[in-house]
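The values are calculated or read from the model by the stated rules, or taken from the named source; none is laboratory data. All values reported here derive from a predicted model rather than from experimental measurement. Here the Cβ positions follow ideal geometry from the backbone for every residue, glycine too, while neighbour counts run over all protein chains shown. Keep in mind that these areas ignore ligands, DNA and RNA; they rest on the heavy atoms of the full protein, side chains included. Shrake-Rupley method; radii C 1.70, N 1.55, O 1.52, S 1.80 Å.
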Amino acid sequence: MKIVYLNANYTRSGGTEKILCQKANYLIEKGYDVSIITLLKATNQPFFSYDKRIHIYELNMDSENTNKQNIALFINKLDEALLEIKPDISIATDMRLGKYLYRASDSSKKILESHFSKFKRKNKLSWLNSFSIGHLIVNLFVYKQTQIIKKFDQYVVLTYEDREQWRNLKQAVTVIPNVVEYQEPINIDYSSKQIIGVGRLSGQKAWDHLIDIWSKLAKKYPEWQVKVYGDGEKKNELNKLIKAHKIEDSFTINPATPDIIQKYKESSIFVMTSRYEGLPMVLIEAMSLGLPTVTYKYKCGPKDYITDQQTGYLIDLFNKNMFAEVLAKLMDNEEIRCKVGKAAQRDITPKLNKDRIMNEWISLFETPSHKVCKLK
């Protein structure tokens with residue numbers, strides 16, 4: 001069976017690219033013919049290690065943005081690549097490219113996978129909801145998404161919480177979560193006085209909230225360090241905020257690293273302040289390694305996998321005071337850090353086992369094709 005993934009830029013260090021790499025490598029090992037179609041010509045080595053047997057097709061577009069001027073060129077190049085590859089399965093890794101994949105003229109089964117929740121669009125446009133016309137605009141975006149999804153043979157989301165958002169479509173939506181990559185046991189040093197956060201330096205991740213939260217605690221816990229690992233457009237802005245709060249000695253922003261497992265091992269608490277997600281890889285990786293997690297109760301992901309106060313801590317969205325209280329509770333008690341971290345590891349690892357999750361994908365590939373729009 002030939003499988004092709006459509007991804008804007010497979011060389012990046014993001015969660016979508018990490019999952020793409022894991023799935024493509026797994027399928028190659030199982031004997032599938034796997035290709036990746038990417039918009040740009042690679043100018044640097046991929047952040048993650050892709051199997052050399054994976055075929056890479058670069059469309060050599062000028063930009064990742066598919067605007068009105070280059071849509072026709074993009075679809076033409078995509079058609080040429082698909083006609084050359086002749087895949088049985090074609091998968092778009094996001095909605096932005098997915099709205100063009102279904103227009104391709106080849107006969108492959110078309111699958112759209114979402115790495116964000118339906119709530120993402122509404123969250124980004126939420127400021128419009130205070131206006132009557134703005135509310136209509138938000139609903140129009142969601143309606144347009146629904147119409148795109150109906151063009152596909154299958155739509156895959158990461159959580160049941162997200163699936164419920166699709167109402168009349170939900171019976172045609174498949175839930176397949178991300179894989180937990182790290183199955184080997186490691187030793188977390190629960191006596192470590194280091195807190196870790198991982199993710200892009202973007203508005204979505206709300207690292208400014210974590211900076212504010214830590215500023216409430218830094219003086220009381222001078223031996224503790226907060227380390228955030230990631231790259232992005234908010235780096236300078238966040239560093240200025242750290243300086244303004246005078247916490248440079250205990251809060252640092254570090255570049256993204258492919259050896260993130262070592263950084264997890266050096267820490268004893270994982271934190272996340274995102275405004276929204278699909279199902280964040282970094283959260284489930286931290287849990288699978290045995291780190292106690294403190295995270296906002298954003299949509300979607302954490303409620304599917306965290307039992308509050310047992311396998312982690314769920315904080316009401318943007319409640320910085322409560323976040324600080326829970327963080328202080330964990331910093332004060334190594335025994336609780338160990339208990340919660342170990343419980344998380346025992347609970348999540350079997351659920352997101354690589355073979356189990358990938359077999360769900362393989363079953364989906366082998367299911368007879370049917371358009372989502374044909375389902376009632």
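The figures follow:
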read-out	value
Checking D162 against (1) in a helix (DSSP H, G or I); (2) free of Cβ contacts under 8 Å to residues at least 60 places away in the same chain; (3) acidic (D, E), the condition it does not meet	(2)
Near pairs, Cβ below 9 angstrom, 6+ apart or cross-chain, from segment 40-52 (without any contact (Cβ under 8 Å) to a residue 40 or more places away in the chain) to any residue that is open to solvent by less than 60 Å² (accessible area, probe 1.4 Å) and aromatic (F, W, Y)	A42/Y10; P46/Y10
Number of positions in segment 1-24 that are in a loop (DSSP other than H, G, I, E, B) and under 18 Å from E285 (Cβ atoms)	3
Unique residue being in contact with a strand residue (DSSP E or B) (Cβ under 8 Å, 6 or more places away or on another chain), under 29 Å from K299 (Cα atoms) and at pLDDT below 90 when the list is L112, L97	L97
Number of the exception - T43 against (1) over 22 Å from D153 (Cβ atoms); (2) not in a loop (DSSP other than H, G, I, E, B)	(2)
Set K342, K320, K329, K297: member being of a type in the set (D, E, K, R) and under 30 Å from I149 (Cβ atoms)	K297
Verdict on K351 being closer than 21 Å to T307 by Cβ, of a type in the set (K, R), open to solvent by 70 Å² or more (accessible area, probe 1.4 Å) and free of Cβ contacts under 8 Å to residues at least 40 places away in the same chain	no
In segment 165-190, residue modelled with the lowest pLDDT [restricted to those that are more than 30 Å from I149 (Cβ to Cβ) and charged (D, E, K, R)]	E184
Failed criterion for Y276 (all others in (1) more than 20 Å from the chain's Cα centre (by Cα); (2) touching a residue at least 12 places away in the same chain (Cβ under 8 Å) hold)	(1)
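Each row is one residue, and each column tells you yes or no for (1) under 16 Å from A104 (Cα atoms); (2) open to solvent by less than 40 Å² (accessible area, probe 1.4 Å).
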residue: V34; (1), (2): no, yes
residue: N60; (1), (2): no, no
residue: K77; (1), (2): yes, no
residue: D88; (1), (2): yes, no
